[in-house]
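The values are calculated or read from the model by the stated rules, or taken from the named source; none is laboratory data. Because the structure is predicted, anything quoted here is derived from the model rather than measured. Neighbour counts are summed over all protein chains in view; Cβ atoms, including those assigned to glycine, are modelled from backbone coordinates with ideal geometry.
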Amino acid sequence: MLTIPLRALKTLLLFVLIFSAVISCAAAENVYSLPVDFTPGIKPLPSNYLSETEYQDPSLHVTIETGRKDECDYWVARIKISHPSQLRTAAAAGFENDYTTKGTFIAKRQNAVLAINGDYYSYYQYGYILRQGKLFRDKLRAERDVLAIDEDGNFHILFTPDRNTMAPTLNGKKLINAFHFGPALVVDGEVGTLEASYWLAPESKRQRMCIAQTGELEYMALCCAGPLRGSQGMTLYQFADLAKELGARTAYNLDGGDSTMMIFNGQKINDKENKNTRDISDLIYFASAWDGK
């Protein structure tokens, strides 16, 4: 049996700690802030996809789980980024028009590690469409909650918004993205007031999608299956309860139905058997900010 002297063991452990710190510092030096525009993220290395449900590099960690509640399947992705610029948005062919295309095409073009459908801004003519720091549309409807994301990557829910409440900054922070769909599902860790009159049929069981903030630069994307293929779908109330249960601090409802799409490593991973997935106009996505050197 080999016996290592205590002094040698301590020296070896110290060397390992120093070496690990050097490697970590070197990796951190190659983590960047991405430009606040519509350029793609840094192309991720294939080796950083640790499995079909996990990705990790020094700037980004994504894990995906599946579950079932209220007789409905769901998918939840948890995302940790190193810089707010890694939470990004993209359109099929620019937010100036109403083009649509396959969500997987947009995700691959933008080098998205994880992507979800957005608010389908092109489906209607109203809305507050602020994307990557540029305002494309300012036609608010007061009955619609707005999700605003500031330069620090923090979520803010704006209730009954109007031209007096919408501004380029909020609490001294520049707004980078804003979505005009809703409603807010979770606010300050509690289920929001979901009005029965809200046009999205809150009491109907449907396929749904939401984006949530769970902590500082920590997010969650959550979607459920529709009322087919062994699932019942979820009411808006059930979906909000699930988002809270899974740790959402702030959660916001996005377009659902056949637009519901969660994409990982360029492939749709939710509700794969649904042949009715529609082309969409926009994505929310998370990109790597590490150049891999």
(message) Suppose the filter is in contact with a helix residue (DSSP H, G or I) (Cβ under 7 Å, 6 or more places away or on another chain), under 16 Å from Cys72 (Cβ atoms) and modelled with pLDDT of 95 or more; does Cys210 pass it?
(response) yes
(message) Please list, ordered by residue number, the strands (runs of 3 or more DSSP E) wholly in segment 216-270 having 3 or more residues that are under 15 Å from the mean Cα position of the chain (by Cα) and not assigned by TED's automatic domain parsing to the domain that holds Leu87.
(response) none
(message) Here is a check on your reading of the model: is Val76 surrounded by 15 or more Cβ atoms within 10 Å (Cβ to Cβ) and either of a type in the set (A, V, I, L, M) or modelled with pLDDT of 95 or more (or both)?
(response) yes
(request) Search segment 108-143 for residues being among the aromatic types (Phe, Trp, Tyr) and not in a strand (DSSP E or B), and hand back the single one that is nearest to Gln207 (Cα to Cα). (result) Tyr120
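Among the residues of segment 165-189, which ones are closer than 18 Å to Leu135 by Cβ and either assigned to a loop (DSSP other than H, G, I, E, B) or touching a residue at least 60 places away in the same chain (Cβ under 8 Å) (or both)?
Correct list: Thr165, Met166, Ala167, Pro168, Ile176, Asn177, Phe179, His180, Phe181.
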(message) Given the condition of a type outside the set (Asp, Glu), within 17 Å of the chain's Cα centre (by Cα), at pLDDT 90 or above and surrounded by 24 or more Cβ atoms within 10 Å (Cβ to Cβ), answer yes or no: does some residue in segment 134-146 qualify?
(response) yes
(message) It is to be established whether one or more residues within segment 85-106 are aromatic (Phe, Trp, Tyr), outside any strand (DSSP E or B), farther than 29 Å from Leu242 by Cβ and modelled with pLDDT of 95 or more.
(response) yes
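Of the residues Thr235, Thr214, only one is under 24 Å from Thr53 (Cβ atoms) and polar (S, T, N, Q); which?
Residue meeting the stated conditions: Thr214.
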